[in-house]
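Heads up: the structure comes next, in structure tokens.
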Amino acid sequence: MSMSRKNSALPFLAIACTLFFAAAPTGAKADSILEKLDGEWFGKGTIVSKGDQPSNNPLACRLNAKYNVGQKSLKLSGRCGSVNATSSFESTLKEAANGSVSGRPILQRGDLAKIILSGSPSGSSLNLTGANATDKIYVNFSVKGTSSFYSRSGRIQGGKETSTVTVNWARQ
């Protein structure tokens, strides 16, 4: 993972960029939301920081999401960039037998790197959340057919949202 950083919202750029996808693999009917997210994606969106130095910047990302049927897992890798930062990332999401999904946020350090994100799909959406004593991180995905999806992620500290990343993704 490489990263240059000028903006405290960057870690959530990476979260957003690792947990987003939508569309069934070619020629197959996808049963799980992770399987639907398999593929190559390009996304454009916004990264917003609400901290001491508020900012609102455009963002562009590429994502490779590879579903492993036997392990019921989705391996993610990609790269995002804004006017303030660029970031490469990798992560894996796993689906349990009961349909719940879990994984770790990416580009986090210290206590934030220990947070486990988890949640369950509902229809064409997947909402993942995780927290420690001071921070909550969330990632929401909404699949739009077989060629696009929307993602929103963020961080909440002391009950206040400090940063968000929203991305509209299209299959490549």
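Odds and ends about this structure:
- Spatially proximal lysines relative to Lys44 (Cα-Cα < 17 Å; intrachain offsets below 8 disregarded): Lys144
- Accessible area (Å², 1.4 Å probe, nearest 10) - Arg152: 80 Å²
- The residues of region 20-172 have, on average, 49 Å² of accessible surface per residue, using a 1.4 Å probe with all protein chains present.
- Candidate residues Asp52, Asp38, Asp135, Asp31: accessible-area rank, largest first, probe 1.4 Å: Asp52, Asp31, Asp38, Asp135
- Working note: Karplus 6.51/-1.76/1.60 with θ = phi - 60° gives region 93-99 the couplings 9, 10, 9, 7, 4, 7, x Hz, where Gly and Pro are set to x.
The values are calculated or read from the model by the stated rules, or taken from the named source; none is laboratory data. Because the structure is predicted, anything quoted here is derived from the model rather than measured. SASA here: full protein model, heavy atoms, side chains in, ligands and nucleic acids out. Shrake-Rupley method; radii C 1.70, N 1.55, O 1.52, S 1.80 Å.
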